[in-house]
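Comments concern the structure below.
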Amino acid sequence: MSRTRTAQLMDGAGLARRVVEEASDRAAEVTRRSGATPCLATVLVGEDPASVTYVRMKRARCAKAGIESRLVSLPAATTTAELVETLRSLSRDTGVHGILLQHPCGPHIDERAAFEAIAPEKDVDGVTMSSFGAMSFGLPGFASCTPGGIMRLLDEYDVDPAGRHAVVVGRSAILGKPVGMLLLARDATVTYCHSRTSDLAATVREADIVVAAVGRPRLIRGEDIKPGAVVIDAGYNPGNIGDVDFDTARLRARLITPVPGGVGPMTIAVLLAQTVTAATTQLGLVRG
Ligand code: NAP
């Protein structure tokens, strides 16, 4: 009798707990050695309910991990110039080691100008052009958090991207583009797909590694997953639905991330880990 094989789940929630525990131990070590507590400043413009929830969640995680969090709440009417000045001032503040600008900030804000006001050494969310350039060139710097989390998940499950065909669906500056660059740096052959790709299904069928980063529920169908492929679903749509049709994809994939509990928890974990790393460097505690 033949039994249907299903993919192994990639447990992002479990890995994220371990990454946060490790960050927490390192934060305690920073405090013991320097007397300072690693500090993440979060800047929130306006009161968008989803953003307020994300910020609350991030601050709670910081507190649990022994990381100080400073909230800078600005009114919705804040101008780009005022936001830039706030971020520059946090960049100069020696008590702040990491800066997170919660986005979207609102249509009247030039977000690129705002991001660029964050000092690269405090850019723990990996949003500046400097961080993107450093990551792309393989130089030291902070990765964008979700792509960084995806790479940790691949490593955890011993997926070596070298020589594999990785298909990244989505090309946003915070997710699709950087995850493709990180996969390229690990010697994958990378194809980017986007809204103008002529035959998405045919390209996905060629993939050894699929990264879905679109924001369209169940766009990637199980029948297009190559048997034995690794499927990373970064999409998060209302109702806890990913960009991959999980039920059919898991019948063909070797490894797959669930939604929720896959990529999502890794994002905050990487943010905390990078904040502690930033503090370690800025406080001169890096061991030679
Ligand atoms: P985004 O900025 O809206 O980018 C979406 C990308 O998908 C764009 O590059 C777009 O192409 C492409 N696209 C749209 N429709 C498509 C289609 N039919 N076929 C192929 N490509 C298509 O989104 P994002 O910020 O990258 O987020 C993507 C998803 O990831 C969302 O569900 C978001 O909630 C989730 N996300 C999760 C985390 C996490 O922590 N887990 C973090 C960030 C984002 P064009 O460039 O041509 O428009």
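The values are calculated or read from the model by the stated rules, or taken from the named source; none is laboratory data. Just so it is clear, the model here is predicted, and its values are computed rather than measured. Heads up, the Cβs are rebuilt from the backbone with ideal geometry, glycines too, and the neighbour counts pull from every protein chain shown. Side chains are part of the model used for accessible areas, which takes the heavy atoms of the whole protein and leaves out ligands, DNA and RNA. Shrake-Rupley method; radii C 1.70, N 1.55, O 1.52, S 1.80 Å.
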Checklist entry - Would you say S130 is farther than 21 Å from L15 by Cβ, open to solvent by 20 Å² or more (accessible area, probe 1.4 Å), modelled with pLDDT of 95 or more and in a loop (DSSP other than H, G, I, E, B)? => result no
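Filter region 198-209 down to the residues that are free of Cβ contacts under 8 Å to residues at least 40 places away in the same chain and either open to solvent by less than 10 Å² (accessible area, probe 1.4 Å) or not aliphatic (A, V, I, L, M) (or both) and list them by number.
Listed by number, the residues that qualify are S198, D199, T203, V204, R205.
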Item to check | Residue list for region 192-223, restricted to those being under 10 Å from V167 (Cβ atoms), assigned to a helix (DSSP H, G or I) and more than 6 Å from the ligand (Cβ to nearest atom) | outcome: T203, V204, R205
Item to check | Residue within region 210-230 that is over 30 Å from V55 (Cβ atoms), surrounded by 23 or more Cβ atoms within 10 Å (Cβ to Cβ) and in contact (Cβ under 8 Å) with a residue 60 or more places away in the chain present | outcome: yes
Checklist outcome for this item: Residue hits (region 237-266; of a type in the set (V, I, T), within 14 Å of the ligand (Cβ to nearest atom) and surrounded by 22 or more Cβ atoms within 10 Å (Cβ to Cβ)) are V244, T257, V259, V263
Next on the checklist: Name the single residue that is nearest to F115 (Cα to Cα) among those in region 8-43 being open to solvent by 10 Å² or more (accessible area, probe 1.4 Å) and in contact with a strand residue (DSSP E or B) (Cβ under 6 Å, 6 or more places away or on another chain).
Outcome noted: T37
Checklist entry - Pick from region 60-88 the residues that are within 25 Å of the chain's Cα centre (by Cα) and among the hydroxyl-bearing types (S, T, Y): which of them is most open to solvent (accessible area, probe 1.4 Å)? => result S73
Checklist outcome for this item: If we keep only residues of region 157-184 that are closer than 14 Å to G126 by Cβ and part of a loop (DSSP other than H, G, I, E, B), then the residue farthest from the ligand (Cβ to nearest atom) is A173
